[in-house]
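J.: The structure is given below, and queries will be raised subsequently.
No value in this document is a laboratory result; all are computed from the given coordinates. Values in this document were obtained by computation on a predicted structure and should not be read as measured data. Cβ coordinates were reconstructed from backbone atoms using ideal geometry, including for glycine residues, and neighbour counts include every protein chain displayed.
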Amino acid sequence: MPLVNVGAQTLSYVSRGGRARPTVVFIHGAGGSHLVWGSQLAYVASSWRAIAPDLPGHGRSGGPGRDSIADYAQVVVSFLDALRLGPVVVVGHSMGGAIALSLALDAPERVAGLVLVGTGARLRVAPAMLDAIRTDFSAAVGLVGQFAFGPEPAGRLVRLSELAMCQAGQRTVYGDFAACDAFDVRSRLQEIVAPALVLTGSEDRLTPPRYAEYLASGICGASLKIVEGAGHMVMLEAAAAVNQAIGGFLESLPERKASVPAR
């Protein structure tokens, strides 16, 4: 995996494809890594350039992690600068969706489109979950794994999710969940001008479908896709359906040349 210096940190990322159409940047969720996007990277790279970084403190990227969505969003802006990327389509899952929303609100010139997966305008975390992460990290990881999938998850997918959280570690995962708990852009959704697709699983227990419905109704022109039978990790559980939805959205975007920001 290539590495890039972002400020005082080194971030690891995957880059596939290389077409001239807008680059698609995938942002993982709390305690995750680029690995959750394996199927989507392969699919998108057949027609577009697809990039997926590991956020600070996650996967193969150096730490520390961040404690706020705004700080993570600034990391992503610096990452885009380091790769000299103009407007990109941002695909974000859960915490990554919050980061995507922050980019669309505070750096709209960097966003050509939004795909918001299993996320919300408000990401409240139960105090008991935050306390569990702080006091019994192993049990908390198992609890998140239990609730992150639909009724009949594949064991290997649950293990992948749990392994990523263990690798990120207690401090980073706690910061991620605390950042989600403090996130709230419900009053600003009408400011978003980027084309948007909101996507979720019908059985998502962490960010229920009503979160997606609220997002889609609050963002002008946004479309909504609910994948039946899938849970919070919908891109792993129902990869083909998610790929098809993302592909259709990307095809609907107007052609535009990516401008490279000056250094």
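J.: Pop a pseudo-label 7 angstrom from the Cα along the beta-carbon direction at both Asp67 and Ala126 and give the gap in nm to one decimal.
T.: 2.5 nm
J.: Moving on to the next point. Would region 158-263 count as rounded, prolate or oblate if I go by the C-alpha gyration tensor, calling it rounded below 1.5 in a/c and otherwise prolate when a/b exceeds b/c, oblate otherwise?
T.: rounded
J.: Where the only charges are on Cβ atoms (+1 Lys, Arg; -1 Asp, Glu), what is the dipole of region 3-252 about its Cα centre, to the nearest 20 debye?
T.: 480 debye
J.: Tell me the mean residue ellipticity at 222 nm calculated for the chain from its helices only (DSSP H runs of n ≥ 4, each -39500 (n - 2.57), averaged over every residue, nearest 500).
T.: Only helices count here, giving -12500 deg cm²/dmol.
J.: Rounded, prolate or oblate: pick one for the chain, where a ≥ b ≥ c are the square roots of the eigenvalues of its C-alpha gyration tensor, a/c under 1.5 means rounded, and failing that, prolate if a/b is larger than b/c, else oblate.
T.: rounded
J.: Could you give the C-alpha radius of gyration of region 1-65 expressed as a fraction of 2.2 N^0.38 Å, taking N as the number of residues it contains?
T.: Ratio of Cα Rg to 2.2 N^0.38 Å: 1.10.
J.: Then there's this: For the chain, set up a Gaussian network in which alpha carbons nearer than 10 Å are linked by springs, and say which option among Leu253, Leu206, Leu101 fluctuates the most.
T.: Highest fluctuation among the options: Leu253.
J.: Out of the DSSP beta bridges found with both residues in region 104-263, what percent are antiparallel (nearest 5)? The partial results should precede the final answer.
T.: Numbers: 1 of 10 bridges.
Counting only bridges with both partners in region 104-263, antiparallel ones make up about 10 percent.
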